[in-house]
Amino acid sequence: MKEIKRDIYLNRLINRKENGLIKIITGIRRCGKSYLLNPLFKNYLLDSGVKENHIMENIIYNELMIRGYNVDVGVVEIRDENKDRKQLEVDFVCNLGDKRYYIQSA
């Protein structure tokens with residue numbers, strides 16, 4: 001099966017990936033909208049050094065930053081049944097004003 005590269009559309013996505021806006025891809029049925037994102041754009045991200053398991057984390061991080069959160073990778077300290085302290089890593093600790101949120105992506 002012949003692959004259609006869609007370089008013009010891929011380059012438009014790449015050039016706008018840092019502008020903080022959500023991209024909406026429209027077109028008639030079966031014109032390659034899904035193929036543009038997966039595998040073409042996904043492969044671009046992987047070739048750029050983004051690890052496959054970090055793509056979703058990068059999306060979440062960027063969205064939180066756009067919404068004005070101060071975002072850190074964090075550690076949550078808990079106590080187990082023996083009152084021993086344990087530290088658990090969490091993907092994001094997000095602060096906005098006096099609110100704090102802990103987010104773990106799958």
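Read the figures in this text as sums done on the coordinates, not as results from a lab. Note that the structure is predicted; figures quoted are calculated from it, not measured. We place every Cβ from the backbone using ideal geometry, glycine too, and count neighbours over all the protein chains shown.
Please order Asp72, Asp47, Asp98 by the number of other Cβ within 10 Å, starting at the fewest. Can you show the working numbers first?
Numbers: Asp72 11, Asp47 8, Asp98 5.
Listed from fewest to most nearby Cβ atoms, that is Asp98, Asp47, Asp72.
Using the Cα centre of the chain as the reference point, and only Cβ charges (+1 on K/R, -1 on D/E), how large is the resulting charge dipole? Debye, rounded to the nearest 20. All intermediate terms of the calculation are to be shown ahead of the outcome.
On the way: 19 positive and 15 negative charges, 165 e Å.
Computed about the Cα centre, the dipole is about 800 debye.
Using mean Cβ contacts within 10 Å as the protection proxy, how do 82-91, 36-45 order, highest first? Kindly include the intermediate steps, with their values, before the conclusion.
Numbers: 82-91: 9.8, 36-45: 15.1.
Top of the packing list down: 36-45, 82-91.
Projecting each Cα onto the charge dipole of the chain (Lys/Arg +1, Asp/Glu -1 at the beta carbon, about the Cα centre), which of Leu21, Met56, Leu96 comes out farthest on the positive side?
Farthest towards the positive pole: Leu21.
Regarding the chain, what's the average projected area of the Cα-atom convex hull, expressed in nm²? Show your work: numbers first, answer last.
Working: hull surface 41.4 nm².
Over every viewing direction, the Cα hull of the chain projects on average to 10.3 nm².
Can you give the Rg and Dmax of segment 65-106 based on its C-alpha atoms, in angstrom?
12.4, 41
At 0.36 nm per residue, and after removing the present C-alpha to C-alpha distance, how many nm does the segment from Ile14 to Arg100 gain when stretched out fully? Show your work: numbers first, answer last.
On the way: separation 86, 0.36 × 86 = 30.96 nm, distance 3.25 nm.
Length gained between Ile14 and Arg100: 27.7 nm.
How much net charge surrounds Cys94 when only other residues with a Cβ under 14 Å from its Cβ are counted (Lys, Arg +1; Asp, Glu -1)? Don't skip to the end; give the middle numbers.
Details: positive: Arg67, Lys99, Arg100; negative: Glu57, Glu63, Asp72, Asp91, Asp98.
Once positives and negatives cancel, what remains is -2.
Below 22 Å Cα-Cα, how many Lys pairs turn up in the chain? Only count pairs eight or more apart in sequence, or on different chains, if you could.
Lysine pairs satisfying the spacing and distance rule in the chain number 14.
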